Amino acid sequence: MTYKQSEQAMAASEIAGNKPAPGKLYILFHPRQWNLRQREAAAAYAFISPWIVGFLIFTLGPMLASFYFSFTEYNILDPPVWTGIDNYRTVFFEDPLFWHSLSRTIYFAALALPLGLAFGLLIALLLNQDIPGVNLWRTIYFLPSVIAGVAVAILWIRIFNPRIGILNPFLKGVLGIENPPGWLNDPDWAIPALVMMSLWGIGGTMIIYLAGLQGIPTHLYEAAKIDGANSRQRFRHVTLPLMTPVIFYNLVIGLIASFQYFTEVYVATNGEGGPVRSTLVYNLYLYQNAFRFFDMGYASALAWVLFIIVLLATLLVFRSTPMWVHYEGTTRR
Amino acid sequence: MTTTTAKQPKNYNIFKRITGSVRARTYVLKGFTTIVLALGAFIIAVPLLFMISTALKDRNQLRASPPPLIPWETTMVEVDGKEEPLYEVVVDGQTQEMALIKNRPEGKGLFVDPANPEVTYELVIADQKEKRHIEIHLENFKEALTSVPFDRYLINTLIITFVGMFGMLLSSSLVAYGFARFRAPGLNVLFIVLLSTIMLPSQVTLIPVYILYQKLGWVDTLLPLIVPLFFANAYDVFLLRQFFMTIPLEMDEAARIDGASYLQVFWHIILPQSRPALVAVGIFHFLFAWNDFYEPLIFLHSRENWTVAVGLQTFNAIYSVNTHLIMAASLVMIIPPIIIFFFSQKIFTQGVVISGVKG
C-alpha cells in the first residue's frame, strides 16, 4: 500500500467518523505512524532485503527442493517420481561407489589437511622473522594460491608426467630414487600427487597464520623472556596457545574445502576420477550423477549425505575446541 | 657476553655453546631461516619457471628429458645442404667447432669442419660438447590463443567477473550496512543464518538452482553466473560488516542530525570511508570469479559461452600433446591474477585482518 492510498484510507475512515484503533498490524501498514525504533527496523530490513530475497531464492528454497528431490527419481525432463527412502537405501547399502568415493575423499583430507596446517604454520613462523628480503619471500610463497584452479592442475599434470615432467628426473637424478612412482598414472600414487598439488597452494593458509602471528602482542613475549622462558618455551606457551583460534579457523575452512574438492581432480582426470577410479572423490561422483547421468534425485541424496557429513565433522571440531583452542577473551576486537 | 644456562642440564643446548654470544646466535639463526626459506621458495617457484620455459619452447625442444628450465636448442649448421648438429670438438689439443654428420657404432660419430667438409674425424660423441643456444618461441602465444576462440572466452570471463563484481559490491555493502548499523528484532538471528550459509556446501542447493535456471531458460547463458551476485554474497557481507563496524558511529549520527537519510549516510559516509575494504573484497571476488571452474562448467554448455577456465580445461583435454601451446595459454590465464596480486599485496594481508579471523 502506498502513502497515497493509506492517506486516502485514513481520510475515508475519518469521514466515516470511526477512529481506527492503533493495533500492531494497523501500524505495520501505516508507515507515517511509525515511531523511531520502528522506522529504524524498517530501514534495516530494507537494507538487508537483497540478501533475504537471495537467501529465499538461491538457498532456502533450493535446500527444501533438493531435500524433496532426494526422495524422488528425477531426470529433469519428466516430473519427479516419489520413491521414498530408496535413494538413501541405495547410497548406504547398494552403491559401492558411494563408500569408495567417500573413503577416497577422507584419504585425501587426512593427508592434505594436517600437512597443509602444519606446513602453513611452519612457513608463517619463518616468514614472521626479521630477515632480509622478507617481503619477497612472502610474495613467492603466496603467489601459487592466487592462480588456483584449472591452470594449476594443467601445470602439475605436466610436472608429474613420467615422460615429459620434471619431478621424476629430479627424484632419479638428485635424490637417487630408482623407481619413482607414476603419480597421476598410478592408482596408489594419484591421491598423494593431488595432495602435493594442493600443498603448492598453501599460501592462502599461510597468510592467515601470518596475520594471526602479527596480532600477538609483543609484550607477552617480553614478559615470558623476563620470566626466563627460552625460545622453545615461548613458542610452546605463548605463540601456540594464541594461534589456536587461527589454527581452528584454518582447520574448519580446510575441512569443508577438502570435502568439496573438485576442480583440480576434474582437470587432472578429465572428469573421470581415474586411474581405475582412484581419484573419484565424493564431489566428482556427485557431479557425474547429476550432470552426466542426469540422476538428479540420487545426486540430491548424495548432496544431503555430504551436507550431513560436513556438518557432523564441523560440529565435532567445534565440540573439541574447549580442549585445545585458547581464546584471549579481552583482546577481541 | 656469554650465556649462562645454570639451571638447565649441561648439554641442553649445544647450539648455544658453539655459537657463543647472543648476537652471533641471532645472526646464525637468521641466516639459517633465510636459507630454509630460500630453498622452499625455489621449490615453490620451479613449477612456475617450468610453465614459463615450456611455453617458450617448440615441439623439438620439448623432446629433451629431463626438460631444462632454460629453453635450449641445439645449434645446427648446414653441411652439404643438410642441417647437422654443431659440436665443440677437441682435435690435437685444439678446440674446434664441428658438425656431427653420421653416427658410428660404439657411440662414435663422424665429425667434419663445416668449412672443410672433406676431412672427417671419427670421435666418441659423449666426449664432445654439443653447441646450444637459447631459442624462444613467442609465436606459441599467438598460436595457442587463436587455435581456440580465447578472445571469446576472455570477453565472457571479463563480463562475468566485472558485472558480477559490481553487483556483489553494491548488494553486499548495502546488506552489510544493514547488519552493521541498525537494531531491529530478528536481525541478529538473521546474521547468524547468513554466517551459517557460508558453511553450506553448494552441492545441496546446486541441483534445484540448476533446474530453476533450466526452467527460466538461463542455462547456457552468462546469467546464472551474474544474477545471484546482485543478491549479496554471505562471505563478503561478513567482511564488509566487520569493517563498517570500525567506522565511528558519531559520523553517522552527525549526518543524521543534519538531516541525511540512511541512504545518504551509507553513500556519503560509510562507502568513502570503506574504500580499502571495498577494494579488498573486490579483488577477492576478481580472483574467485576468474579462477572459478565448477559453476561455469555446469551452467555453460556451448563453446561461445565458455569462460577462460572452462576453455583452457577443454583445450588441455583436446590438444594435450601440444604441451607448449597449453602452457602458453595457461600462462596467459594466470597473468591477470598475478598482476592484480602485485598491485595489491598489502590489501591481501589487510583483507585477512578485516575478516576478523583473529579470535
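A short reminder: the numbers here are calculations on the coordinates, not readings from a lab. Because the structure is predicted, anything quoted here is derived from the model rather than measured. FYI the Cβ positions are ideal-geometry reconstructions off the backbone, even for glycines, and counts take in every protein chain you see.
List, largest first, the extents of the alpha carbons of the range A:128-203 along their principal axes, each in whole Å.
Largest first, the range A:128-203 extends 41, 30, 20 Å along its Cα principal axes.
Taking the beta-carbon count within 10 Å as an exposure proxy, list A:Leu171, A:Leu64 from fewest neighbours to most.
Ascending Cβ contact count within 10 Å gives the list A:Leu64, A:Leu171.
State the three equivalent ellipsoid semi-axes of the range B:222-359, derived from the C-alpha gyration tensor as the square roots of 5 times its eigenvalues, in descending order and whole Å.
Semi-axes (√(5λ), whole Å): 39, 18, 11.
Mind checking B:72-83 for the average number of partner chain beta-carbons within 10 Å of each residue's beta-carbon?
Across the residues of B:72-83, the mean count of other-chain Cβ atoms within 10 Å is 0.
Sorting B:Glu118, B:Glu78 on the 10 Å Cβ count, fewest up front, what's the list?
Final ranking by Cβ density, sparse to dense: B:Glu118, B:Glu78.
Expressed as an acute angle from 0 to 90° and rounded to the nearest 10, what is the orientation of the C-alpha long axis of helix B:203-216 relative to the principal long axis of chain B?
The helix B:203-216 is inclined about 80 degrees to chain B.
Which of rounded, prolate, oblate describes chain A, given a ≥ b ≥ c as roots of the alpha-carbon gyration tensor eigenvalues and a/c under 1.5 marking rounded, otherwise prolate only if a/b is larger than b/c?
Since a/c reaches 1.5 but b/c is at least a/b, the shape of chain A is classed as oblate.
In whole angstrom, and with the biggest value first, how far do the Cα coordinates of the range A:35-100 range along each principal axis?
Its Cα atoms span 61, 29, 17 Å along the three principal axes.
Considering Cα pairs under 8 angstrom that are at least six residues apart, work out the relative contact order of chain A and quote it in whole percent.
On the way: 311 pairs, mean separation 80.3, N = 333.
Relative contact order, chain A: 24 percent.
Under a Cβ-Cβ cut-off of 13 Å, what is the net charge of the residues other than B:Glu304 that fall near it, where Lys and Arg count +1 and Asp and Glu count -1?
Within the 13 Å Cβ shell, the charges total 0.
Helix B:323-343 sits at what angle to the longest principal axis of chain B, using alpha carbons and giving 0 to 90 degrees rounded to 10?
Taking Cα atoms only, the helix is inclined about 40 degrees.
Shape of the range B:165-281 from its Cα gyration tensor (a ≥ b ≥ c, root eigenvalues): rounded if a/c is under 1.5, otherwise prolate when a/b > b/c, or oblate?
It is prolate, given that a/c is not under 1.5 and a/b is the larger ratio.
What percentages, rounded to whole numbers, describe P(r) for the range B:65-152 computed over all alpha carbon pairs with 5 Å bin width beginning at zero?
Percent of pairs per bin, in order: 3, 13, 18, 18, 14, 10, 7, 6, 5, 4, 2, 1, 0.
Only Cα pairs under 8 Å and at least 6 apart count here; give the relative contact order of chain B as a rounded whole percent.
Dividing the mean separation by the residue count of chain B yields 19 percent.
Express the relative contact order of the range B:213-359 as a whole percentage, based on alpha carbon pairs under 8 Å and six or more residues apart in sequence.
Rounded, it is 34 percent for the range B:213-359.
Can you give the convex hull volume of the alpha carbon atoms of the range A:224-309 per residue, in Å³?
Looking at the range A:224-309, the number lands at 125 Å³ per residue.
Sorted by average packing, counted as other Cβ atoms within 10 angstrom per residue and highest first, what order do B:166-172, A:52-58, A:219-225, A:201-207 take? Don't skip to the end; give the middle numbers.
Details: B:166-172: 21.0, A:52-58: 17.0, A:219-225: 13.6, A:201-207: 22.9.
Going by the mean number of other Cβ atoms within 10 Å, highest first, we get A:201-207, B:166-172, A:52-58, A:219-225.
Using only Cα atoms, locate the centre of the range A:135-167 and the centre of the range A:172-240, then give the distance between them in Å, rounded to an integer.
18
With the cut-off at 41 Å, report for the protein assembly as shown the share of all Cα pairs above it, as a whole percent.
43
Roughly how tilted is helix B:308-318, in degrees to the nearest 10 and between 0 and 90, from the longest Cα axis of chain B?
40
Using only Cα atoms, locate the centre of the range B:181-226 and the centre of the range B:23-93, then give the distance between them in Å, rounded to an integer.
49
Ranked highest first by the average count of other Cβ atoms within 10 Å around their residues, in what order do B:240-248, B:130-138 fall? Show your work: numbers first, answer last.
Details: B:240-248: 19.0, B:130-138: 13.8.
Going from most to least packed, we get B:240-248, B:130-138.
Per-residue ellipticity at 222 nm for the protein assembly as shown, helices alone: DSSP H runs ≥ 4 residues times -39500 (n - 2.57), over residue total, nearest 500 deg cm²/dmol?
It lands at -19000 deg cm²/dmol.
Taking every pair of alpha-carbon atoms in chain B, what share in percent sits in each 10 Å bin, from 0 to the bin with the longest distance?
Answer for chain B: a P(r) of 4, 15, 17, 17, 15, 14, 10, 5, 2, 1, 0 percent.
Across the residues of A:241-247, average count of Cβ atoms on other protein chains within 10 Å?
Counting other chains' Cβ atoms within 10 Å and averaging over A:241-247 gives 1.
Please state, rounded to one decimal and in Å, the Kirkwood hydrodynamic radius that the range B:86-231 gives when every pair of distinct Cα atoms enters the mean of 1/r.
One over the average 1/r among Cα pairs gives 22.8 Å for the range B:86-231.
Shape call for the range A:77-125 from the C-alpha gyration tensor, a ≥ b ≥ c root eigenvalues: rounded (a/c under 1.5), prolate (a/b greater than b/c) or oblate?
On the way: a/c = 5.23, a/b = 2.92, b/c = 1.79.
Cα axes put the range A:77-125 in the prolate bin.
What does the structure give for A:106-118 when I average, per residue, the other chain Cβ atoms found within 10 Å of the residue Cβ?
0
What is the order of B:Thr157, A:Thr244, B:Thr205, fewest Cβ neighbours within 10 Å to most?
Ranking B:Thr157, A:Thr244, B:Thr205 by Cβ neighbours within 10 Å, fewest first, gives A:Thr244, B:Thr205, B:Thr157.
What is the packing order of peptides A:187-196, B:257-266, taking the mean over residues of other C-beta atoms within 10 Å and listing the highest first?
On the way: A:187-196: 19.2, B:257-266: 14.0.
Put in order of decreasing packing, that is A:187-196, B:257-266.
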